Amino acid sequence: MPALSFAHLTLSWPDGTPCLVDVSGTLPPGLTGIVGANGAGKSTLLRLLARDLEPERGTVTSAGTLAYVPQDVALDPALSADAVMGLSAIRAALRAVEAGSVDPAHYDVIGDDWDAEARAEAVLGSLGLPDGTLDRVVGELSGGEATRLAIATALINQPDLLLLDEPTNNLDERATAQVIDAIVARAGATVVVTHDRSVLRRVDQILEVRRGSVRTFGGALDDYEAELAAQRERAEQDVRTAKADVARQHRELRTYVEGAARRGKVGAKKAESMPKILASAKKRQAQATLARVTGIHEDRLETARDRLDTAEAAADRDREIRVDLPGTEVPARRDVATLDHCVLRTGAEVSARVQGAERIVLSGANGAGKTTLIQTMLGAVDPLSGTAAVHVPPGLLPQRLDVLEPALTVVDNVRAAAPGASPHEVREALARFLFRGRAAEAVASTLSGGERFRAALASVLLARPAPQLLILDEPTNNLDFASRQHLLDALADYRGALIVVSHDADFVEALRPTRSWTLEGGGFTDVPL
């Protein structure tokens, strides 16, 4: 039996644009992943399923208890972790009883939950949160720790249906694996909005949100991608067939018109020897025949073109970012950045050098100091001792993509980063990032997630002077599959040095890094690959 079903859900964005149109589906026990392009409505669908948002039409039916953990967990920073989990009163009563209290009120608070604290610590530990977390204040937790605390709060209540929105964002590899193991192992139904391929490899089914509709695919990521590839091939074949039909109909129309012109010249010569009335009648008949047959061929051509439009829309081939950036090229032996006995604020001592167009992956657990290392290298944070310097123009794409001015258009944001470039140069460059015509005039605050990512990437890469050291801090967070590929396309053309902080193993492998920097246990290692 399905743990949850939804029927004919319909919802529009505030501007009236359809978001979801008459979508229906079921969510059985097990793990379901929800995927789709940035801005497609995945989180909106999850909110509808959680009844955190009301649809314009349609119904949601669920059996049993439900818990929902949104993407941006909003926990009161002043609360203690045990208060978030609803255990502060029970823990206080347990402490009182352990101290010898026989007050019945304490026993009433505890009820049958004598093992509540132990169960909470077990759940927190399974998600990689350290001992003593129950006594910590939310404001002391990192974003990833706060997310895991919210997930732990949901898990300890053992809901029949658990809804999670991007639960592995900003988590290191170990913490991600712990969260995945926890949600796979639990009973009931779990629904996860995610682009994390390590999560999607463990799901039982995938729901794809696309252009207002929802499609269901059985199996995990490999099955989903294989089916999409088969669908794309069928769609591409339909496009090829439709193009061939358009060409054939065009040839037939041209052949008939050219033949009719030749026949008309011959008929005109014959008409010179005919009576005028008969010649006029034949001319009218020939013109009528030409119009009728030409109309038939034009209708066939128009039908063929309509079939081609339909086939191309069904194929929906993703356009690719192609960026030629010669100004970013760095000679092989040129020093790009140096860190000499540089002691970070975290206490780690870093000695390393970046030369030429090296590709470096920077890894480490949450809180190890990766962002601190980047900020120290760029001069935003002073080291405790030692030196750090960048010797070429740098560019930084931070996790939050906050390099854009929200009130400015895409083209104005890029012009601000490249004041020496002409408007024509900026627009020509933006076209390579898929911002063509009016799209370049969109205000940054109105962009979808994928558009905002492309605009931020364009703003960084097209800056003047061109960045010869590019630093990307968790660039694939919240990126759909197409935007992720767009980033790889752009980086394939990048000729400068590259430092990437990422827990996305597949993404890192695709970059083909030349060095690995690791912050671990308060130390730093630099290993060539």
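The values are calculated or read from the model by the stated rules, or taken from the named source; none is laboratory data. Here the structure is a predicted model, which is why all the values come from computation and not from measurement. FYI the Cβ positions are ideal-geometry reconstructions off the backbone, even for glycines, and counts take in every protein chain you see.
Where the second residue is in a strand (DSSP E or B) and the first is among the basic types (K, R) and lies in region 508-520, which pairs have Cβ atoms under 8 Å and are six or more apart or on separate chains?
R512/R359; R515/R359; R515/I360; R515/V361; R515/D526; R515/V527; R515/P528
Exactly one condition in (1) touching a helix residue (DSSP H, G or I) at 6+ places or on another chain (Cβ under 7 Å); (2) surrounded by fewer than 21 Cβ atoms within 10 Å (Cβ to Cβ); (3) not in a helix (DSSP H, G or I) is false for P130; which is it?
The single condition P130 does not satisfy is (1).
Residues to consider are G36, G16, G41; find the one that is in contact with a Cys (Cβ under 9 Å, 6 or more places away or on another chain) and assigned by TED's automatic domain parsing to the domain that holds V184.
G41 is the lone residue from the list that is in contact with a Cys (Cβ under 9 Å, 6 or more places away or on another chain) and assigned by TED's automatic domain parsing to the domain that holds V184.
Exactly one condition in (1) more than 41 Å from the chain's Cα centre (by Cα); (2) surrounded by fewer than 14 Cβ atoms within 10 Å (Cβ to Cβ) is false for V109; which is it?
V109 satisfies all of (1) more than 41 Å from the chain's Cα centre (by Cα); (2) surrounded by fewer than 14 Cβ atoms within 10 Å (Cβ to Cβ) except (2).
Would you please name the residue that is surrounded by the most Cβ atoms within 10 Å (Cβ to Cβ), looking only at residues in region 146-169 that are within 22 Å of the chain's Cα centre (by Cα) and charged (D, E, K, R)?
Once the filter is applied, the top-ranked residue is R148.
Quickly run through region 459-473 and pick out the residues that are in a helix (DSSP H, G or I) and surrounded by fewer than 24 Cβ atoms within 10 Å (Cβ to Cβ).
Taking region 459-473 and keeping what is in a helix (DSSP H, G or I), we get 459-461.
V460, the sole residue that qualifies.
Touching a His at 6+ places or on another chain (Cβ under 7 Å), in contact (Cβ under 8 Å) with a residue 12 or more places away in the chain, surrounded by fewer than 22 Cβ atoms within 10 Å (Cβ to Cβ) and not aromatic (F, W, Y), is that true of D172?
Yes.
If a residue must be among the acidic types (D, E), under 23 Å from D181 (Cα atoms) and surrounded by 14 or more Cβ atoms within 10 Å (Cβ to Cβ), how many such residues does region 209-238 contain?
Count: 2.
Each row is one residue, and each column tells you yes or no for (1) within 17 Å of the chain's Cα centre (by Cα); (2) part of a strand (DSSP E or B); (3) not acidic (D, E).
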position: A421; (1), (2), (3): no, no, yes
position: E428; (1), (2), (3): no, no, no
position: A440; (1), (2), (3): no, no, yes
position: L457; (1), (2), (3): yes, no, yes
position: P475; (1), (2), (3): yes, no, yes
position: N478; (1), (2), (3): yes, no, yes
position: S483; (1), (2), (3): yes, no, yes
position: D489; (1), (2), (3): yes, no, no
position: L498; (1), (2), (3): no, yes, yes
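If we scan region 89-100, do we find a residue that is assigned by TED's automatic domain parsing to the domain that holds D165, in a loop (DSSP other than H, G, I, E, B), more than 28 Å from the chain's Cα centre (by Cα) and modelled with pLDDT under 95? Break it down stepwise before answering.
Going through region 89-100, the residues assigned by TED's automatic domain parsing to the domain that holds D165 turn out to be 89-100.
So of that shortlist, the ones also in a loop (DSSP other than H, G, I, E, B) come out as 99-100.
Subset that is more than 28 Å from the chain's Cα centre (by Cα): 99-100.
In the following step, the residues that additionally are modelled with pLDDT under 95 were identified as 99-100.
Yes; the residues of region 89-100 include at least one that is assigned by TED's automatic domain parsing to the domain that holds D165, in a loop (DSSP other than H, G, I, E, B), more than 28 Å from the chain's Cα centre (by Cα) and modelled with pLDDT under 95.
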